[in-house]
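Student: This is the structure I have questions about; it appears just below.
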Amino acid sequence: MEPVLRIEQLTHTYSAGTPFCRNAVEGLDLTVYRGEILGIMGHTGSGKSTLIQHLNGLLKPTQGHIYLNGRDIWETPSRIRQVRFQVGLVFQYPEYQLFEETVYRDIAFGPRNMGLDEADIDRRVRQAAAAVGLPEEVLERSPFELSGGQKRRVAIAGVIAMEPEVLVLDEPTAGLDPRGREAILGQIREYHRQRGNTVILVSHSMEEIARNADRIAVLSAARLLMEGTPSEVFARADELMRVGLDVPQVTKVALALQKRGVPVRSDVYTAEELRRQIRALRGGGVC
């Protein structure tokens, strides 16, 4: 696969030269491939938010490099504004950043800052709203009249409307009820299916990451602990739990069955796969 982002030996130090000096990320190497959904997970303080703020130049590395399409994003500092259009970042609780009088104007804010003409802005606003499941009649309403889930969609649409090559979502379902979480994730999956763009999904929820990511990067104590497909990562469930991370409930069930002598694989992370393995065992098949 072709890389779209490459992180090389990234270190970011906060409060350098003071007694409060600490490395939020340290010596981190990671490649993000074009068209994939990459899940990034880790406990609070692992470095997830610091990492993703480097991807579009909101933070500058203390050491190391960020390459976008093979070019160091800090090679020409005047290009950083363009990088932020190419790598769109949706912060956690983005609805708190809504400020325009109408939903339409909020979604249009990014494209308008890109200097696009009104016809292109209008096209992008309407396509982005549709991509996140917002009906046309909502566009002229105040964003502050909407539900929490609708506000979240407006904020995500505002970034999608810039048509970034890479969409980075920091805990996009935080604070939503189960129905709202699945609705947002469903729209993200559909956006990815239709556009084929790279999506980076940051979440503390192993269930969300397992169900939605093609590949997973796990951070722990400012470093990259492991990366791989969901099966490869959750096969190391014991290691994940030793560093204080959770694993999908289904993986825990598989581990418990193993301890009771049932020969299921430990890399299972969906209920469907566990059922398949158990049916195979009952039928005398091979897992």
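The values are calculated or read from the model by the stated rules, or taken from the named source; none is laboratory data. If you're wondering where the values come from, they're calculated on a predicted model, not measured in any experiment. Reconstructed Cβ throughout: ideal geometry from the backbone, glycine too, with neighbour counts over all protein chains shown.
Student: Residues of the range 114-137 being more than 22 Å from residue 189 (Cα to Cα) and either of a type in the set (A, V, I, L, M, F, W, C) or in contact with a Leu (Cβ under 7 Å, 6 or more places away or on another chain) (or both), which ones?
Tutor: Filtering the range 114-137 down to residues more than 22 Å from residue 189 (Cα to Cα) leaves 114-122, 137.
Listed by number, the residues that qualify are 114, 116, 119, 121.
Student: Something else: Assess whether residue 64 counts as being among the small types (Gly, Ala, Ser), modelled with pLDDT of 95 or more and more than 17 Å from the chain's Cα centre (by Cα). Let's see the steps before the verdict.
Tutor: On the way: among the small types (Gly, Ala, Ser): yes; modelled with pLDDT of 95 or more: yes; more than 17 Å from the chain's Cα centre (by Cα): yes.
Yes, satisfied.
Student: Given 98, 59, 116, which one is under 30 Å from residue 175 (Cβ atoms), hydrophobic (A, V, I, L, M, F, W, C) and at pLDDT 95 or above?
Tutor: Values: 98 fails: at pLDDT 95 or above; 116 fails: under 30 Å from residue 175 (Cβ atoms).
Just one listed residue meets the conditions, 59.
Student: Restricting attention to the range 51-90, which residues are in contact (Cβ under 8 Å) with a residue 60 or more places away in the chain, in a loop (DSSP other than H, G, I, E, B) and crowded, with 19+ Cβ neighbours inside 10 Å?
Tutor: 55, 56 - these are the residues of the range 51-90 that are in contact (Cβ under 8 Å) with a residue 60 or more places away in the chain, in a loop (DSSP other than H, G, I, E, B) and crowded, with 19+ Cβ neighbours inside 10 Å.
Student: Of everything in the range 91-109 that's within 19 Å of residue 52 (Cβ to Cβ) and hydroxyl-bearing (Ser, Thr, Tyr), which residue is surrounded by the fewest Cβ atoms within 10 Å (Cβ to Cβ)? Quick ask: steps written out before the conclusion?
Tutor: Residues of the range 91-109 that are within 19 Å of residue 52 (Cβ to Cβ), as a first pass: 91-97.
With the extra rule that they be hydroxyl-bearing (Ser, Thr, Tyr), the set shrinks to 93, 96.
Values: 93: 16, 96: 10.
Once the filter is applied, the top-ranked residue is 96.
Student: Return the total of residues in the range 172-194 being touching a helix residue (DSSP H, G or I) at 6+ places or on another chain (Cβ under 9 Å), surrounded by fewer than 16 Cβ atoms within 10 Å (Cβ to Cβ) and either on the phi > 0 side of the Ramachandran plot or modelled with pLDDT of 90 or more (or both).
Tutor: Total satisfying the criteria: 4.
Student: Which condition breaks for residue 35 when tested against (1) of a type in the set (Gly, Ala, Ser); (2) under 19 Å from residue 168 (Cβ atoms); (3) crowded, with 16+ Cβ neighbours inside 10 Å?
Tutor: Looking at each condition in turn, residue 35 falls short on (3).
Student: So which residues in the range 154-184 are within 21 Å of residue 41 (Cα to Cα) and not in a helix (DSSP H, G or I), if there are any at all?
Tutor: Of all residues in the range 154-184, those within 21 Å of residue 41 (Cα to Cα) come to 156, 166-178, 180-184.
Within the range 154-184, 166, 167, 168, 169, 170, 171, 172, 173, 174, 175, 176, 177 qualify.
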